[in-house]
Amino acid sequence: MSMDTRIAELRKRREAIQLGGGSDKLEKHRAQGKLTARERVAALTDAGSFQETGLFAEHRATLFGMAGKEAPADGVICGAATVHGRLIHLASQDFTVLGGSAGELHSTKVAEIMEQSLKTGSPFVFINDSGGARVQEGIDSLSGYGKVFHTNVMLSGAVPQISLICGPCAGGAAYSPALTDFIIQTRQAQMFITGPQVIKQVTGEAVTADQLGGADAHMTNSGVVHFIAGNDEEAILLCQKLLSFLPSNNLEDPPVFPSDGNVDANPVLNGIVPDDPKQPYDVRDVILNVVDNGDFLEAQSGYAPNIVIGFGRILGRSVGIIANQPAYLAGVLDINASTKASRFIRFCNAFNIALLTFVDVPGFLPGVQQEHNGIIRHGAKMLFAYSAATVPKITVVLRKSYGGAYLAMCGKDLGADRTFAWPTAEIAVMGAEGAVEIVFRKEIQEAEDKAARRKELIEKYREVFANPYVSAGRRLVDDIIEPPETRRMIAQSLEYLNTKRELRPAKKHGLIPL
Ligand code: HXC
């Protein structure tokens, strides 16, 4: 056989496999407003950069009609590519091939490409669109998923892992995304461990797939997803943007973007925090006026909105921002806010991203429900995560900073490298109203005009503590700054802290209260 013939055959085979489940299935897939597995890869990666591995892979299953059944590339496209010039590894499940189901070989391909991520120190992106473990392959499918989960854990903290959920992600398959750092879910996708039919059988509850595991359910109720995308294209843009803030691995610093070096005073910052300490405001207005070009990528925006987390840049350097949100529940720290922020802090620390914390917190949320659900255990995560973090830590107290929550928002004693306070800052063991009830209860009870005495004592307490000067006097605040100077102070701190090294005792790992 001549070389020409052989090449013609190779091309024919390649083209056939690249068609996945065939034109009918591809058409049905596109009709749902989705990109195909290959189109997603093309949209995510730089043109001409994708190097596929395992295109010709064939399953070896024989039971339940699998003997001789074609499953091009075994339903998953794997390989290396660049995104904006930076190396990544990826897997993209092809729903048109046996529903993107994960058999033994499918999962082996995924696990192998993940190992390449680890070996090369490059992010791993997993585009999910699958009916889950391939039922015909039984325990071999489970074993395959086990390998993927195990490899997810090997990669964790070494290279960033991002999951895109672009179609069904059912059963235990949802645990691979759960083990990754960020999940982006499209509005066409659903994720659940057991679907509506099983739930109906077991608990009698009636629920649609979307109510159960749609993007909104996972953003608002479960906190499983970090970003919602309207469609595949949007999910891919989000993924590219997210990658731009991150280093390729834990041994690198995040990429530094070009910057015009502008740190001019921004007078807008003088008008955001209201004079009345009880008035809410949107802390994102502070963030947007501090970061480069007002560009802030907020994660989990719909979950525990009383705390805001996300990425921005200051003079081109990535920062992870954590901020109490006075516009929601007065910015109180509750269980969900604590777990949301703690996980983010640990991600930033693992990947050398400085932490920038904006504080306006009245305390931990009181209540039986919070206590019984473990605010002690979950709130402690904040103390643990901040204390354990060795990246540069910069804290800016905007207004209230009370009690345990003052510490939990990266107070100086938890290792903040710089703590700045605005003149509006009130740093105290607790709010004046509560403090007065404890310290002066007897005095108030004995007063002729109880209300007047209470008011007087509250004012007295506030006069002493409701300012940043006592804390600055104790050196818990490094400097009291005028709000318009905030960006300049942060930029300078990041510059001076860039070489920060802080060692921790050698141990297998710390024991964050999970
Ligand atoms: C094998 C599967 C499959 C699976 C779908 N298919 N899921 N094949 N194993 N898990 C096949 C279908 O038979 C069909 O094949 C094709 O994919 C397309 O599926 P449809 O049902 O026609 O598509 P659609 O109506 O869009 O519904 C998609 C779906 C549904 C919601 C994902 O297929 C579904 O509910 N699948 C099962 C989901 C599930 O229970 N998974 C859990 C698996 S066990 P044909 O040939 O007709 O085109 C599991 C255990 C944990 O995951 C594993 C990790 C620990």
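Here, each number is a calculation from the coordinates, and none is a lab measurement. Keep in mind that this is a model prediction, so the values were computed, not measured. Neighbour counts are summed over all protein chains in view; Cβ atoms, including those assigned to glycine, are modelled from backbone coordinates with ideal geometry.
Quick notes on this structure:
- Each peptide in 105-118, 247-260 receives the mean, over its residues, of other Cβ atoms within 10 Å, and ordering these scores from highest gives 105-118, 247-260.
- Listed from fewest to most Cβ neighbours within 10 Å, the set T186, T180 follows the order T180, T186.
- Taking other Cβ atoms within 10 Å as a rough exposure proxy, M3, M382, M489 sort from fewest to most as M3, M489, M382.
- Once you reduce the stretch 21-52 and the stretch 394-420 to the center of their Cα atoms, the two points are 47 Å from each other.
- With contacts taken as Cα pairs under 8 Å at a separation of at least 6 residues, the stretch 1-90 carries a relative contact order of 28 percent.
- Mean separation of Cα contacts under 8 Å, 6 or more apart, over the residue count of the stretch 319-395: relative contact order %: 44
- Note on I199 and N262: the model spin-label points, each 7 Å out from Cα along the C-beta direction, lie 4.8 nm apart.
- Semi-axis lengths, largest first, of the ellipsoid equivalent to the stretch 338-453 are 32, 18, 9 Å, with √(5λ) applied to each eigenvalue of the Cα gyration tensor.
- On Cα atoms only, tilt of 375-388 relative to the major axis of the chain in degrees: 80
- Relative contact order for the stretch 293-336, counting Cα pairs under 8 Å that sit 6 or more residues apart, in percent: 33
- Structure-based [θ]222 nm, the chain - -39500 (n - 2.57) summed over DSSP H runs of at least 4, per residue, nearest 500: -11000 deg cm²/dmol
- With the convex hull of the Cα atoms taken as the outline of the chain, the averaged projected area works out to 29.7 nm².
- When the stretch 365-514 is reduced to its Cα atoms, the Kirkwood hydrodynamic radius in Å: 17.7
- Computed from Cα positions, the angle between helix 335-350 and the longest principal axis of the chain comes to roughly 70 degrees.
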